[in-house]
Amino acid sequence: MRLQNYFKDNIYANRGMTLESDINQTNEYYNLHNIALIYKKPTPIRVVQVEYPKNRIREAYFNEPSTLDYTGVYQGKYLEFDAKETQSKTSFPLSNIHKHQMEHIKKVLYYGGIVYLVVRFSALNRTYLLLGNDLLRFLEEYDRKSIPLDYFEKFGYFIEMKYAPRLDYIKVIDKIINVKECKKS
């Protein structure tokens, strides 16, 4: 196989996984350096058929819709977030967020947790953190099918790509915690 055909065939093979891979590497770094404990939640499944003695699952179904991708704790604060990617250079389609996820975001906010989306505009190689409150505000104020990039630039937090940690989103969480604590005093 010629090299250029390999790239042509495989460039989209793991689309949507690069952001999760970067987040997983970041979470490993946070855990190894005792910064935060954040992990990817498994999707609940119901196993129907298992092949013994190999213990290989032959048939399974999703038990219920999953909520958000990641959960954890940082400085005594509960965190939960979802990782989303888009190829668009101008907006993030709201169809990427399911109704049950929006309801879950509202619940986490109700109980005082910190909830957000980490959204990567892959074609631009830009990643933003958008707080759940800002997502809900957008939905209340605008009747649109997508969130424009400029909304992320105005209300979101740009997350710089680095070597280690790969996506240091905890820096953004520090800012959020500091703002909340300043409002309390």
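The values are calculated or read from the model by the stated rules, or taken from the named source; none is laboratory data. It should be emphasised that the depicted structure is a prediction, and the values quoted were computed from it without experimental measurement. As a convention, Cβ positions derive from the backbone with ideal geometry for all residues, glycine included, and neighbour counts pool all protein chains shown. Ligands, DNA and RNA are stripped out before the accessible areas are found, and what is left, the full protein with its side chains, is counted by its heavy atoms. Shrake-Rupley method; radii C 1.70, N 1.55, O 1.52, S 1.80 Å.
Here are some notes:
- Count of residues meeting criterion [open to solvent by less than 50 Å² (accessible area, probe 1.4 Å) and at pLDDT below 80] in the stretch 52-82: 2
- The single condition from (1) surrounded by 12 or more Cβ atoms within 10 Å (Cβ to Cβ); (2) out of contact with any helix residue (DSSP H, G or I) (no Cβ under 6 Å at 6 or more places or on another chain); (3) at pLDDT below 95 that residue 30 fails is (3).
- Scan of the stretch 147-166 for residues that are at pLDDT below 95 and either in a helix (DSSP H, G or I) or not acidic (Asp, Glu) (or both), ordered by number: 161, 162, 163, 164, 165, 166
- When every residue of the stretch 83-100 is checked against the conditions, at least one turns out to be open to solvent by less than 60 Å² (accessible area, probe 1.4 Å) and assigned to a helix (DSSP H, G or I).
- Lone qualifier among 159, 114 - being farther than 18 Å from residue 19 by Cα, touching a strand residue (DSSP E or B) at 6+ places or on another chain (Cβ under 7 Å) and either open to solvent by 70 Å² or more (accessible area, probe 1.4 Å) or of a type outside the set (Asp, Glu) (or both): 114
- Residues located in the stretch 117-156, provided they are surrounded by 14 or more Cβ atoms within 10 Å (Cβ to Cβ), under 19 Å from residue 87 (Cβ atoms) and small (Gly, Ala, Ser): 122, 146, 156
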